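Report on the structure given below.
Computed from the coordinates by the stated procedures, all read-outs in this text should not be read as laboratory data. Predicted model only: the values in this text are computed from it and were never measured. No Cβ is skipped: glycine too gets one built from the backbone with ideal geometry, and neighbour counts run over all protein chains shown.
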Amino acid sequence: MGAKSGREFLQRLDSTPREVWYGDEKITGSVSKHPAFRGVAKSIAALYDMQLKPELEDVMTYESPTTHERVGTSFLQPRTREELGRRTAMIKTWADFSGGMMGRTADYLNSSIMAMAAAAQFFGKGEHDFAANVSGYYEYVRENDLVLTHTLINPQTNRGVGPSKQADPFIAARVADKTSEGVVIRGARMLATLPIADEIMVFPSTVIRSGQDDMPYSIAFAVPVSAKGLKFVCRESFAAESAFDHPLASRFDEQDAVVVFDDVLVPWERVFILEDPDRANKVNESTGAIVFMAHQATVREAAKAEFMAGLATMVAETIGADAFPQVQERIAGVLLIAETMKAFIGSSEARAKTNEWGLMSPDYAPLNAARNVWPRLAPDFSAVIKQTGASGLMAIPPEGILGSEARPDVDRYFQSKLADGEERVRLFKMAWDASGSSFGGRQDLYERFFFGDPVRMASAYYSWYDKEPYKRRVMELLHRKD
């Protein structure tokens, strides 16, 4: 019980049966040793180990209210500003470890289930006590220090119609049957990042229309990755073997998968919403989960912006390009993004208030702005690094040359103003991995759609934002009589 070590995480990973498909390979065990997962498994283990470092104990853990053992701070239900600040410090510590490259570290969904548990009454109690289910699940995940993944959206079969209007109504995951033991789920969901998690949460993402046809799709539940009939179909891995050639991808490629539910039985105690479109559409907002998820994401994004600013600066300084005004302007743009994200966090915490469920909640307005600004700004990172490194990003030989007879040529011709040949190649490998490799391309796409389609998000933001005070100022000035 309580906070786990990296070794315990890896042991749990390898001993938990699961069905993961990587190409024509069916992976059922020893996941941490597979080339596609070895690097990220080791990185998650390192995050777990931080919890047990004496100097980080008060940052990474707190005392469980039930067992009094130390548990992860991302489970902390903040009642004060100080506790909210503790959450921020913990999230930032983990995010800095990967330079913000890992978007599905455990603290993201821990933040979600933590808020939902505080708002357990929202889920209701009828024939089944869904409120108790949510509370019990939160405590179970917290005390066992589990890693959660989740899957939100339906497969892109025909985006012009809803799930019930597809040629096959079981393309999107839905209720297929209900038994005395639980609910049977059939269909698929995307996109499940981090299939090496312990459990998967399934919650609605897009709006579900009220009506008999769409009722079976309005569900929320959680199951272990070992559940019978559950399959992960993975994309091509970007996790290279060499940490020299791919310093980011080799460590932080989280992997993404489509999740197939082949008549998966979800026990009643793991069901949170069942055939209830109204609750399914309101769950994230009404429970405050969206606020705490946005808070975690914005802290991670600030860490990533800081890392990319540091990387772009080092590339420029190493080759002596930092004196050029156009380079300074580009990097200044990245620094502005970093400060903007940190300002959103600071503003949200300075204006924090106790929500209806008793949690000290960051103000959502700055975080909602961050959710909309980030997808528009983050793609600039790779452009700045590419423009700064220019052709030097392509002239970077593989690691093997360092042990070859051509090594003297590397030492002579790859040196730069501030670095010898090997160090310059090493730095430019990281810059390419962050901006131009397959891993870097995935990072761009991931950040663009982290919270959904930016156009729809902007439309929702426009509808959500209270513009009336601004309009009244205009009207007052428009009709002011001097």
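Structure data summary
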quantity	calculated
Linear extension gain, Thr157 paired with Ser242, 0.36 nm per residue minus alpha-carbon span	26.9 nm
From phi via Karplus (6.51, -1.76, 1.60), per-residue ³J(HN,Hα) for segment 67-77 in Hz, x at Gly/Pro	9, 6, 7, 6, 10, x, 5, 5, 8, 5, 8
Interchain or long-range residues, amide H under 5 Å from Ser218's placed H	Glu275, Asp276
Calculated on alpha-carbon atoms, Rg and Dmax of segment 288-471 in Å	20.4, 72
Rounded to whole Hz, the Karplus (6.51, -1.76, 1.60) HN-Hα couplings of segment 213-219, x for glycine and proline	5, 9, 4, x, 8, 8, 9
Computed over the chain: relative contact order in percent, which uses C-alpha pairs under 8 Å that are six or more apart	16 percent
Distance (nanometres) between label positions extended 7 Å along Cα→Cβ at Lys228 and Asp96	4.8 nm
Long-range lysine pairs (8 or more apart or interchain), segment 1-98, Cα under 18 Å	5
Under Karplus coefficients 6.51, -1.76 and 1.60, residue-wise ³J(HN,Hα) of segment 454-463 in Hz, glycine/proline x	x, 5, 5, 5, 5, 4, 5, 5, 4, 5
Ranked packing of 412-425, 184-197, most packed first, by mean Cβ within 10 Å	184-197, 412-425
Square roots of five times the Cα gyration tensor eigenvalues for segment 137-198, Å	27, 17, 8
Eligible lysines near Lys417 by straight Cα distance, threshold 18 Å, same-chain separation 8 or greater	Lys429
GluC sites (Glu not before Pro) within segment 134-236, DSSP loop, no more than 13 other Cβ atoms inside 10 Å	Glu181, Glu236
Label point 7 Å beyond Cα of Lys53 along Cβ direction - residues of segment 101-129 with amide nitrogen under 20 Å	101-108
Label-reachable residues, segment 359-389, where backbone N falls under 18 Å from a point 7 Å from Glu329's Cα toward its Cβ	380-389
Label-to-label distance, nm, for residues given as Leu445 and Tyr470 (7 Å Cα→Cβ offset)	3.4 nm
